[in-house]
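Asks: This is the structure I have questions about; it appears just below.
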Amino acid sequence: RPRRAGEGVDEPLVELELPDADEVSGRLEGLAELIVAGSEAPALVTAAVVHGELLALRPFTSCNGLVARAAERIVLIGSGLDPKAICPAEVGHAELGRASYLAALDGYVSGTPEGMAAWIAHCGRAVELGVRESTAVCEALQRGAA
C-alpha cells in the first residue's frame, strides 16, 4: 500500500526530497490513469516515465527502486516491446552504474525537457544493454547445444 502521512521511507539509494503522502496519492492516481487510458507515446518513453515517477515518489516505505524497475519491465512487456520478457532492463541499469542512474533520475525530477530526455535516454540505454545480455546468453546456449 502507498505510505501514509508521517511514514518514512527506507530507500538508501535515492536521496531526493521526499514528497508528502498527499502529493504521492495524487501523482499515483495520475500515473494509473495514464497507464489505464494508454498513450500514443512510444513504449520506451512510457516505461521510463513509470520508472522515474515511482522512483521519484517513493510511494512505499521500502523497496521503491525494485518496484520501479519491475514496473518499467512490466510496461515493456505489456506494450509489446518485449512480449517474451527476455530483455532485463534492470541488468542495463546495473551496468550503467549507480552514479549514472542517480544523475539521470535528477534529470527526471527536474522536469526540464533536457532532464527528461536524459532520463529517457538512460532508460533506453539500459534496455539496449539488457538486450545485449540476453543475446549473449542465447548465443552461449546455442554454442553449448551444438
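The values are calculated or read from the model by the stated rules, or taken from the named source; none is laboratory data. On a predicted model such as this, the values are computed, not experimentally measured, just so you know. Don't worry about glycine lacking a Cβ; one is built from the backbone with ideal geometry, like all the others, and counts go over all protein chains shown. Please note that ligands, DNA and RNA were not included when accessible areas were found on the heavy atoms of the full protein model with its side chains. Shrake-Rupley method; radii C 1.70, N 1.55, O 1.52, S 1.80 Å.
Asks: Is there a residue in segment 128-146 that is among the β-branched types (Val, Ile, Thr) and either closer than 28 Å to Glu33 by Cα or in contact with a helix residue (DSSP H, G or I) (Cβ under 6 Å, 6 or more places away or on another chain) (or both)?
Replies: no
Asks: Do we have Val49 as closer than 30 Å to Ala5 by Cα and modelled with pLDDT under 95 here?
Replies: So Val49 fails the test.
Asks: Kindly indicate which of Ala99, Ala89, Ala41 is within 24 Å of Val137 (Cβ to Cβ) and not hydroxyl-bearing (Ser, Thr, Tyr). Break it down into steps so the answer makes sense when it comes.
Replies: Details: Ala99 fails: within 24 Å of Val137 (Cβ to Cβ); Ala41 fails: within 24 Å of Val137 (Cβ to Cβ).
Exactly one residue qualifies, and that residue is Ala89.
Asks: Another question, if that's okay. Please state which one of Ala43, Ala89 is touching a residue at least 12 places away in the same chain (Cβ under 8 Å) and in contact with a Gly (Cβ under 6 Å, 6 or more places away or on another chain).
Replies: Details: Ala43 fails: in contact with a Gly (Cβ under 6 Å, 6 or more places away or on another chain).
Among Ala43, Ala89, only Ala89 is touching a residue at least 12 places away in the same chain (Cβ under 8 Å) and in contact with a Gly (Cβ under 6 Å, 6 or more places away or on another chain).
Asks: Can you name every residue in segment 119-146 that is closer than 20 Å to Leu16 by Cβ and open to solvent by 50 Å² or more (accessible area, probe 1.4 Å)?
Replies: Across segment 119-146, the qualifying residue is only Ala121.
Asks: Looking only at segment 59-93, count how many residues are under 22 Å from Glu40 (Cβ atoms) and β-branched (Val, Ile, Thr).
Replies: 3
Asks: Still on this structure: Could you please find all residues in segment 4-26 being out of contact with any helix residue (DSSP H, G or I) (no Cβ under 6 Å at 6 or more places or on another chain) and of a type in the set (Lys, Arg)?
Replies: none
Asks: Being under 13 Å from the mean Cα position of the chain (by Cα) and open to solvent by 60 Å² or more (accessible area, probe 1.4 Å): is that true of Arg73 here?
Replies: When the stated conditions are applied, Arg73 does not pass them.
Asks: For segment 28-67, give me each residue that is more than 16 Å from the chain's Cα centre (by Cα) and part of a helix (DSSP H, G or I).
Replies: Passing the criteria: Glu29, Gly30, Glu33, Val36, Ala37.
Asks: Could you please find all residues in segment 107-127 being farther than 14 Å from Val45 by Cα and touching a residue at least 12 places away in the same chain (Cβ under 8 Å)?
Replies: If the condition is that a residue be farther than 14 Å from Val45 by Cα and touching a residue at least 12 places away in the same chain (Cβ under 8 Å), then Gly107, Val109 are the ones that fit.
Asks: When residues of segment 1-27 are filtered for being open to solvent by less than 30 Å² (accessible area, probe 1.4 Å), part of a helix (DSSP H, G or I) and in contact (Cβ under 8 Å) with a residue 24 or more places away in the chain, how many remain?
Replies: 1
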